[in-house]
1. Report, by residue number, each residue of the range 98-113 that is farther than 13 Å from L191 by Cβ and in contact (Cβ under 8 Å) with a residue 24 or more places away in the chain.
2. A188 fails exactly one of the following numbered conditions: (1) under 26 Å from R102 (Cβ atoms); (2) of a type in the set (A, V, I, L, M, F, W, C); (3) not in a loop (DSSP other than H, G, I, E, B). What is the number of that condition?
3. Step by step: first the residues of the range 160-185, then only those that are assigned to a loop (DSSP other than H, G, I, E, B) and touching a strand residue (DSSP E or B) at 6+ places or on another chain (Cβ under 6 Å), then the one that is surrounded by the fewest Cβ atoms within 10 Å (Cβ to Cβ). Which residue is that?
4. Just to be sure, is E28 more than 19 Å from D144 (Cα to Cα), open to solvent by 20 Å² or more (accessible area, probe 1.4 Å) and touching a strand residue (DSSP E or B) at 6+ places or on another chain (Cβ under 8 Å)?
5. Need pairs with beta-carbon distance below 8 Å; first residue open to solvent by less than 50 Å² (accessible area, probe 1.4 Å) and within the range 60-88, second assigned to a helix (DSSP H, G or I) and among the small types (G, A, S); sequence gap 6+ or separate chains.
6. Please go through the range 89-110 and give me each residue that is exposed (fewer than 12 other Cβ atoms within 10 Å of the Cβ), among the small types (G, A, S) and within 20 Å of the chain's Cα centre (by Cα), ordered by number.
7. For residues that are part of a helix (DSSP H, G or I) and open to solvent by less than 10 Å² (accessible area, probe 1.4 Å), scanning just the range 197-212, find the one that is farthest from L162 (Cα to Cα).
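The values are calculated or read from the model by the stated rules, or taken from the named source; none is laboratory data. For clarity, every value in this text was computed on a predicted model and none was experimentally measured. Note that we place each Cβ from the backbone using ideal geometry, even for glycine, and neighbour counts take in every protein chain shown. These area figures cover heavy atoms from the full protein model, side chains too; ligands, DNA and RNA do not enter into them. Shrake-Rupley method; radii C 1.70, N 1.55, O 1.52, S 1.80 Å.
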Amino acid sequence: MTDQRTARLPQFFLTPGGPCPYLPGRVERKVFARLTGTLAQQLNEALTHSGFRRSQMIAYRPACDGCSACVSVRIVVNEFAPSRSHRRILSRNRSVVRCEVRPEATREQFALLRTYLDSRHAGGGMSDMGLFDFVAMVEETPVDTHMVEYRHQTADGAHDVLLACALTDVLRDGLSMVYSFYHPGEIARSLGTHMILEHVEEAKRRGLPYVYLGYWIEGSDKMGYKSRFRPIEALRSEGWTRL
């Protein structure tokens, strides 16, 4: 007879090696586990605390030979104080309204994603994402998640333009930003930074201590912005420590 506790343990798998998207000349491998069943939420939380990220019904973490450059980071919400630059960004986006919606993909969201990918990540790993891929990314989830839409609204309600979106998981101890995208033509708004600042405020409102930002790589231009949200903690071999 199978022990029920043993049956609940996740199985981990290792992907084949491939080109690293962040460090030229490096080989990337990932270890992953499926998030299924009634314990998917608990498993996702435990794995997030151990440095994993979620994509649909999979939790993954880099497992590259001889390289540990990818480091999980999280903002310490109660100690975070926006910088002068952050305050200017918040001021510029006073007309941007946050709306939390169910994880149900829309064509409006997908059109914004395509504009973002074509402008900012042409030729990248997600550059060929189609509508059905986007639906799967948003809707195939066994955990507590939602989409946050950011819209520009005028006082008279004449304009209601979707500017940005963030797919976000809710954990016991924080919000985990799974994937975000925004209109590349709104450079002055710094929408990527604005979404993070807004998630910090939302986590504070909910009484949650952290905002999980995924991976940071020292020296990577693509990820350097994450280190500007201090205090921030990084997951090292000794546990979560200040970066």
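1. Taking the range 98-113 and keeping what is farther than 13 Å from L191 by Cβ, we get 99-111, 113.
C99, E100, V101, R102, P103, E104, A105, R107, E108, Q109, F110, L113 - these are the residues of the range 98-113 that are farther than 13 Å from L191 by Cβ and in contact (Cβ under 8 Å) with a residue 24 or more places away in the chain.
2. (1)
3. Step one: list which residues in the range 160-185 are assigned to a loop (DSSP other than H, G, I, E, B), which gives 172-173, 183-185.
Restricting the remaining residues to those that are touching a strand residue (DSSP E or B) at 6+ places or on another chain (Cβ under 6 Å) gives 173, 183.
Details: D173: 15, H183: 18.
For the range 160-185, the residue satisfying everything is D173.
4. On the way: more than 19 Å from D144 (Cα to Cα): yes; open to solvent by 20 Å² or more (accessible area, probe 1.4 Å): yes; touching a strand residue (DSSP E or B) at 6+ places or on another chain (Cβ under 8 Å): yes.
It is true that E28 is more than 19 Å from D144 (Cα to Cα), open to solvent by 20 Å² or more (accessible area, probe 1.4 Å) and touching a strand residue (DSSP E or B) at 6+ places or on another chain (Cβ under 8 Å).
5. V73/S227; V77/A203
6. If the condition is that a residue be exposed (fewer than 12 other Cβ atoms within 10 Å of the Cβ), among the small types (G, A, S) and within 20 Å of the chain's Cα centre (by Cα), then no residue fits.
7. Taking the range 197-212 as the starting set, the residues that turn out to be part of a helix (DSSP H, G or I) are 197-206.
Those still in the list that are open to solvent by less than 10 Å² (accessible area, probe 1.4 Å) too: 197, 199-200, 203.
Numbers: L197: 18, H199: 17, V200: 21, A203: 22 Å.
That would be A203.
Residue by residue, here is whether (1) in contact with a helix residue (DSSP H, G or I) (Cβ under 9 Å, 6 or more places away or on another chain); (2) of a type outside the set (V, I, T); (3) not in a loop (DSSP other than H, G, I, E, B) holds:
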residue: A33; (1), (2), (3): yes, yes, yes
residue: A59; (1), (2), (3): yes, yes, yes
residue: D65; (1), (2), (3): no, yes, no
residue: I75; (1), (2), (3): yes, no, yes
residue: P82; (1), (2), (3): yes, yes, no
residue: R88; (1), (2), (3): no, yes, yes
residue: S91; (1), (2), (3): no, yes, yes
